[in-house]
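Here the structure is laid out as structure tokens; the discussion comes afterwards.
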Amino acid sequence: MKIVAFAASSSKKSINKKLVTYASSLLESSCVDILDLNDYELPLFSEDKESELGKPALAQDFLQKIADCDALVISFAEHNGSYSAAYKNLFDWCSRINPKVFQNKSMVLLSTSPGARGGAGVLAQAVNSAPFFAGEVKASYSVPSFYENFDMENSCINNEEIKFSLQSAMAKLI
């Protein structure tokens, strides 16, 4: 199974990228391509920019990555209760090319944050909206208090209950 995974964040120190990388490693029999949103940086979307630029190659490339995979794993950073600007901008460009951005792919949606809610607000938003963009959400999971529950040195979850829940969510993808 070919998986595309990414953090919906442009931070070079993204804890969501650490989470999605770890979670993807739990899919032992899969080939995982971990994307970096910084490789798909585009001008701020507007109808004026769209008229000027058309369908940018980077947005087309991102959609092709989704087309070429069997499933998606996305970990959402929460910025003021919503998506990060980097993710939302890329998503907006992609949705103008193909409104079915997720192309009927199975998905596991994740989130984390340093706080006790673990990005639960943005995760709920993502879970609720994915079907409108042809995403089939198989599972979702929010990891609370990232720095307390993730071993940075060994790049893994150190809380057994959270680790089990995350493994269960990821298993639903296969």
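Within the stretch 138-164, residues that are closer than 17 Å to SER24 by Cα sit with their Cβ atoms under 9 Å from residues that are surrounded by fewer than 18 Cβ atoms within 10 Å (Cβ to Cβ) and of a type in the set (Asp, Glu), at 6+ positions apart or across chains, in these pairs: ILE157/ASP151; ASN158/GLU148; ASN158/ASP151. When the criteria are applied in full, SER111 meets the requirement of being in contact (Cβ under 8 Å) with a residue 40 or more places away in the chain, closer than 30 Å to GLU161 by Cα, surrounded by 16 or more Cβ atoms within 10 Å (Cβ to Cβ) and in contact with a Phe, Trp or Tyr (Cβ under 7 Å, 6 or more places away or on another chain). For the stretch 42-64, the set of residues classified as within 17 Å of the chain's Cα centre (by Cα) and either free of Cβ contacts under 8 Å to residues at least 12 places away in the same chain or closer than 30 Å to PRO144 by Cβ (or both) consists of PHE62, GLN64, listed by residue number.
Every test in (1) free of Cβ contacts under 8 Å to residues at least 40 places away in the same chain; (2) touching a strand residue (DSSP E or B) at 6+ places or on another chain (Cβ under 9 Å); (3) buried (at least 16 other Cβ atoms within 10 Å of the Cβ); (4) closer than 19 Å to SER9 by Cα is passed by LEU37 save one, and that test is (1).
Which is crowded, with 17+ Cβ neighbours inside 10 Å, under 21 Å from LEU42 (Cβ atoms), under 17 Å from the mean Cα position of the chain (by Cα) and of a type outside the set (D, E, K, R), of TYR87, TYR141? Full working, then the answer.
On the way: TYR141 fails: under 21 Å from LEU42 (Cβ atoms).
After ruling out the rest, the residue left standing is TYR87.
For the stretch 96-143, the tally of residues that are closer than 19 Å to LYS65 by Cβ and assigned to a helix (DSSP H, G or I) stands at 5.
Every read-out reported here was derived from the displayed coordinates using simple, explicitly stated rules and does not represent laboratory data. Because the structure is predicted, anything quoted here is derived from the model rather than measured. Note that we place each Cβ from the backbone using ideal geometry, even for glycine, and neighbour counts take in every protein chain shown.
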